[in-house]
Amino acid sequence: MVTNWETASDFLKSTPDPNATSYLDGWSCIISKLNPNDNDSDIIVGYTWKPDLITYHKDGTTTLRSQQDSIGYGSLRYSAITEALKRYAEVQIIYKDKQTFLVEKDPEVSPVKMQDCRSCSGFGAVDSFCYVGYCREGLFIFDKNKKLIDISCKKHSYSFKDNLHVISNELRNIHVITCIHGHTLNHRVKRGMQCSSCSGAKVKDYGSKPVMYLWNGAPITVRDGKIVKKTRLPSIIEKEVVDIVEHFSTIQERQNN
Ligand SMILES: [Zn+2]
Ligand SMILES: [Zn+2]
Ligand SMILES: [Zn+2]
């Protein structure tokens, strides 16, 4: 798999003409040397419309560059860029709140953030619906003149005696089974069901999310799927602030002792 200069270089050597542009792995990405006359040349991977989406450098770093318009949501090129960066730069693109973010390979996660479950507002349960059931086990009871006097269900201690005049012939040995809530009609049950989002725990971790880096498409350097963070020397003011803070903390320590 091509993921850096070395693997890209090996791939090009395996092609009939290492100095020509080739397709990568049958995928629609193209790969070529930036300067065919230089053995140590940067190697670019991308598409015909963006051939330098990914640039591999000999030092093992990789530069990603796009344009805001081509990474925006709704762009036809969005998924192509997402796929290429996942395959050949080992970074994920996430589109959120109309912005584009990069997620590193094996990303760090944000701290655990326990909050009331948003699905059940911290009750651990959500509303459910109770459907009443029907029983067909009513028995026809006749008097000695073979006149129907009752349809009774022993199982549910149910008797049709008073309603024989209203029930139709097909339905008369069917009766509604009173539900556990005492209802004979389907009804809503307030917080009748365990919340599937928090499994009834009432709280949920809304943290522990992969750390995302806002990306506007400007060149960014990665190495092995990790963004290379530029280390910046502290300015004089920052150094002075550190000195003051350290000075104060020494004073406090002394007072405490
Ligand atoms: Zn019954
Ligand atoms: Zn019920
Ligand atoms: Zn919940």
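We did not get these values from a lab; they are worked out from the coordinates using the rules stated. Just so you know, these numbers come straight off a predicted model, no measurement behind them. Cβ placement follows ideal geometry from the backbone for every residue including glycine, while neighbour counts extend to all protein chains displayed.
Things to note:
- Our summary gives segment 7-166 a relative contact order of 8 percent, counting only alpha carbon pairs under 8 angstrom and 6 or more residues apart.
- Nonlocal amide H pairs with GLU137, under 5 Å, H built at 1.01 Å: HIS175
- Residues ARG223 and ASN35, FRET efficiency given R0 of 22 Å [Cβ-Cβ distance, rounded to 0.05]: 0.50
- Full extension of the chain segment joining GLU137 with SER208 gains 20.1 nm, where the gain is 0.36 nm per residue of separation less the Cα-Cα distance.
- Efficiency of FRET between GLU83 and ARG118 - r from beta-carbon atoms, R0 25 angstrom, step 0.05: 0.20
- Extreme residue, positive dipole direction of segment 118-225, given options VAL203, VAL222, VAL176 (C-beta unit charges): VAL176
- Dipole magnitude (debye, nearest 20) for segment 1-137, charges at Cβ of Lys, Arg, Asp, Glu: 420
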